[in-house]
Structures are given as C-alpha cells and as structure tokens.
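Undergrad: Below is a structure I'd like to ask you about.
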Amino acid sequence: MWSACDETEPNRRDFLTGMCGSLGGLGLLHLLLRDGFAADAKTAAVDGWQPGIGKTHFPAKAQRVLQIFCPGAASQVDLWDYKPELFARSGQPLPGEENLVSFQGKNGNLMAPPWEFAACGESGKRISSLLPNMARHVDDIAFIHSMKSKTNTHGPGCVLMNTGHAQEGFPSAGAWVGHALGSANDNLPTYVALPDLRGEPPNGKANWSNGFLPAKQQAVVMAAHLDIRNLKRPAGVTADEEEASREYLKRLNQRHMETHPGDSVLSARMAAYELAARMQVSAPEVSDLSSETVETHALYGTTSENKLLAGYARNCLLSRRLLERGVRYVNLYCASRASGVDGLLNWDAHKTLKADYERHCPVFDQPTAALLTDLKQRGLLEDTLVLWTTEFGRMPTHQANTTGRDHNPDAFTVWMMGAGVKGGTSYGATDEFGRRSVTNPTNVWEFYATVLHLMGFDFDRLSWYHNGFERKITDVHGRVIRDVLA
C-alpha cells in the first residue's frame, strides 16, 4: 500500500492495489472477530482493558460471589414482603382482578400467609416467623422487592434469572464473572455449582452454562453428596506412569491446537485435564468437611436428623470452603426441579402452601444463616457479594379449590448482602397486596448491572461478539440500582 513516506507519487494502479489489500485486511479482521479469535484484542483496543487477568474497569468492592438460588418461585408475600392489607382482607376478592386466570387457572380470593411476620433487627424489617435464624441478618441485607420477570414458567424463569435470557444457550452470571476476572487460584475451578441433594434445578445445567463464551467458563459441578468422578488414580497405575501419560497427552493436545487455533472446546478440555490433575490434591482437601470443628457442624446443622437440612447444610459449609480458597463464583441451590407432587422437591406450592413451606423453610433457614454468620466472622463478607434469588413470585390469592398460590411474574423479591451493599435497606415496593411491582420496578438486567458494578465492571463494556451482536448479560438493557450500594 502507498503511504506518504513513499518517494514516488501514487498512480491509479497503486491506489486500487492498496485499497484491495486494505479491504482484504478488514475482511480478515471481521472474520477473526466473528469467530471470537480477536475478541480480547478488540476489547483492549477499545478501552485498554483485557478480560481474564484479574483486572477490572474500576476499583471493585467484591472479589467473589455467592449466589443462593431457591428454585420453584419462593413466595415473596410469605417470606420477605410484609403486606398488612393481605392479612386484613384475607378471604376477600382481589380488587379489580376478581376473575383472574393465571398460569394454572382461575384464582380464588386473597389469602393471608399462614404465619405471622416478625419485626427484626434495628431496622425493624418484618420477615416471616418461619425464618428465625435469617432474622438475625436483616440489618446486613438490601432487599429488592420490586423485581419482575418476563416469563411465568419455571425452566425459562430459572435460566433468565441466571443468564439474563429466557432461552438456553447464553452464559450464566458466573461464566461472565469468570471470563471477566479469571481465576484467583491455581488448583480449584473459577466457577462452581452446587446442586441440591434433591437434584438439579429446572432446565438443569443451562443454569450454569458458558453459553457462547469459551467452554472453560462453564461451572464445575461439586456437592457434598456427590463423589468427584475419576479423582483417584486407577489401581495398578503408578504415579510416574500417570505423569508420563499426562505429559504425552499434553504434547498431543498442543500439536493439535497448533493446527486448530482458537478452538475453545479443545483449549477448555486441555485446561480441564490440567486442573483435574491439580484437583487430585486440592479437591479432597476442600471437600473434607471432617476437618471442621464440632461447633461449626452444629452451627450449620450438618448432622441434623432432617436429611434434607443436613444435606443442604453440608453444601453451605462446602461453599464457604470454596470461597475462602479463591473460587470466584459459587452457585448454591436450595431445592431442585418440579415434581409430580407440587411443592415436594422445590418451592412451587400450588396446592398446599402451609405444609410445603413448613417443610422447606427449616431446610433453608439454619444452614443459610450459619453460612452468612460464618462468612462475616471470618471477614469474608468484606469482599464477598452474597445474592439470594428465585425465578419469579407468587400470587397473593389462592388458586381455586386449593390452599396454594399460583405463579406471579409481576412481583417478587431478591436480596443482596456483603461487599459494597447497603444493609438494612429495602428498594422498590409492590402494591398493598404484593400482586404487582409498583414503586421502582426492576428486572434481572438491572440486578446484574448492579452485581457487575460491585465487581468493578461497567456492564455496558463487558460483552462478547456472537452471531453479529455484542452480547451482554444485560442484553440491551441495564441500569445500576444505586440505592442498594453502600
């Protein structure tokens, strides 16, 4: 291509030749960006920031995230969102929606929670008396009472709450954080999902998928009740033989990588093999709960006669051990998928709300409160962001001919706690019955814009080029909810 430094004046042939070369280079750059090979270089060129090396856009409040998820649409009006009018007018029709037909059919009259709400902490925040242990933490929690969902179906709702999109195939929040920050340890995964003893949540692994991000960003599944497969060396194979095999496999993979540059699946598999080798030492140590004190086990309830409580408690304790060893993002699930009997395996109480929640709340209450207490006592809450989420809310009415509640995507509660969060606050509000979000209504995109802000990232600058779009967890939306920031 001709430049101003050339001694000779350009002619028409030189100009056309140079232009063709330039267009070819632009085309090649477009192909590289489309395939993701130059995504990091593009980001760096735009704002000088590169993902995956522990750097943030601006100083961060939080270094890691614990996200507790209660699948099944945990009821806001029965747990967190106190509505005196719902108690006062229980049994009366819902004004203006007397003949409402919702997800599973016709609704009956307003139905008060079967339990009282107790004023807790210095803030006097009222939460359900079913949660006496969680009551000790209300002054550290920022409640968001005005959440709305775009779906009333559990599978898409869970995926939306975890990824910002109701369709499968998009990266989860943990995958985005792992991509942005990279690992904080050499021997454990960056992102871990802990499914409940009762099974995986609705839509399963899509909740912790890497989506279109490199395959290494997907979560590694661990849980106290799950054996880590293939962790021990096979009988008859010596340590030297295993090391030699690993080195040989590494050379083969590297040779293959040289002929297939940019293959994220292959690079992720290579990284997984290397991590697996290191985890042969680190994973047994982190999952060995017997090293904890008797007092710690008693605090969490790991030896409870309630097997579901004990199982969730062990996962809570494992979560703390993962966080303190540098895992960036931990997804902790309390309950699982829907079942043939509503409310048996998760919080989906369509028919028998009282019996269902008197089963679920004790499982959730003690271990979760113990985990928060433990994190605080160890100083981990200073730079750990804790999230509590569910996929949508429930109606303030009862379903016709039942004592349960139907799905309600128009109003539900989530909360934050820990690094950078203004405790003892409530943001947004529902109407007098908890039917709709009316004051400062918000959504999953603003929720994760706030999470990323606390992690030190501008949500609008954290993207990945995919299928012609700069994709973000906030989609084309987003706004930081500054009222919940300390």
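Undergrad: Can you tell me the relative contact order of the chain? Whole percent, Cα pairs under 8 Å, sequence separation 6 or more.
TA: In percent, rounded to a whole number, it is 27.
Undergrad: Under a Cβ-Cβ cut-off of 12 Å, what is the net charge of the residues other than residue 431 that fall near it, where Lys and Arg count +1 and Asp and Glu count -1?
TA: Net charge in that neighbourhood comes out at -2.
Undergrad: When a footprinting reagent is the concern and you count Cβ atoms within 10 Å, what order do 373, 163 take, fewest first?
TA: Fewest-to-most ranking of 373, 163: 373, 163.
Undergrad: Which order do the peptides 309-320, 440-451 come out in when sorted by mean C-beta neighbours inside 10 angstrom, highest first?
TA: Ranking the peptides 309-320, 440-451 by packing returns 309-320, 440-451.
Undergrad: Run through the range 449-486 and list the chymotrypsin sites (Phe, Trp or Tyr not before Pro) located in a DSSP loop whose Cβ has at most 14 other Cβ atoms within 10 Å.
TA: Of the chymotrypsin sites (Phe, Trp or Tyr not before Pro), not one in the loops of the range 449-486 has a Cβ with at most 14 other Cβ atoms within 10 Å.
Undergrad: Which angle from 0 to 90°, rounded to the nearest 10, does the C-alpha axis of helix 154-163 make with the longest principal axis of the chain?
TA: 50
Undergrad: Sequence neighbours fewer than 8 away in the same chain don't count; with that in mind, list the aspartates and glutamates whose C-alpha is under 14 Å from residue 376.
TA: Counting by Cα, and skipping residues close in sequence, residue 376 has these aspartates and glutamates nearby: 139, 140, 324.
Undergrad: Restricting to DSSP H runs of at least four residues, report the calculated mean residue ellipticity at 222 nm for the chain, -39500 (n - 2.57) per run over all residues, nearest 500 deg cm²/dmol.
TA: -11000 deg cm²/dmol
Undergrad: OK, next. Which lysines, if any, have their Cα less than 19 Å from the Cα of residue 106, not counting same-chain residues under 8 positions apart?
TA: Correct list for residue 106: 351.
Undergrad: For the range 64-157, run through the GluC sites (Glu not before Pro) and keep only the ones in DSSP coil with at most 13 other Cβ atoms within 10 Å of their Cβ.
TA: 98, 116, 122
Undergrad: Could you list 267, 339, 172, 291 in order of exposure, starting from the residue whose Cβ has the fewest other Cβ atoms within 10 Å?
TA: 291, 339, 267, 172
Undergrad: Using all C-alpha to C-alpha distances in the range 275-406, build P(r) with 5 Å bins and read off the rounded percent in each one.
TA: 2, 9, 17, 19, 17, 14, 10, 7, 4, 2, 1, 0
Undergrad: Now a separate question. Below 12 angstrom from the Cβ of residue 178, what's the summed charge of the other residues (Lys, Arg +1; Asp, Glu -1)?
TA: +3
Undergrad: Given H placed on each backbone N at 1.01 Å, which residues far from residue 110 in sequence or on other chains put an amide H within less than 5 Å of it?
TA: When sequence neighbours closer than 5 places are left aside, the close amide H contacts are 91, 92, 94.
Undergrad: Now for a different question. Give me the one-decimal nm value for the distance between modelled label points at residue 292 and residue 265, 7 Å along each residue's Cα-to-Cβ direction.
TA: 3.8
Undergrad: Would you mind ranking 190, 56 by Cβ crowding within 10 Å, fewest neighbours first?
TA: Ascending Cβ contact count within 10 Å gives the list 56, 190.
Undergrad: In debye to the nearest 20, how big a dipole does the chain give about its Cα centre with +1 on each Lys and Arg Cβ and -1 on each Asp and Glu Cβ?
TA: Computed charge dipole of the chain: roughly 420 debye.
Undergrad: Rounded, prolate or oblate: which fits the range 87-179, taking a ≥ b ≥ c as square roots of the Cα gyration tensor eigenvalues, rounded meaning a/c under 1.5, else prolate when a/b beats b/c?
TA: Oblate, since a/c reaches 1.5 and b/c is not below a/b.
Undergrad: Oh, and also: Strictly over 24 Å apart at the Cα level, which of 125/422; 148/472; 83/148; 150/472; 61/205; 216/250 would you flag in this model?
TA: Over 24 Å Cα-Cα: 61/205.
Undergrad: Taking only Cα atoms, what is the 0 to 90° angle, nearest 10, from helix 12-35's long axis to the longest principal axis of the chain?
TA: 30
Bear in mind that the values in this text are calculations on the coordinates, not laboratory data. Note that the coordinates shown come from a computational prediction; the quantities given were computed from them, not determined experimentally. When we count neighbours, we look across all protein chains shown, and the Cβ atoms used for this are built from the backbone with ideal geometry, even at glycine.
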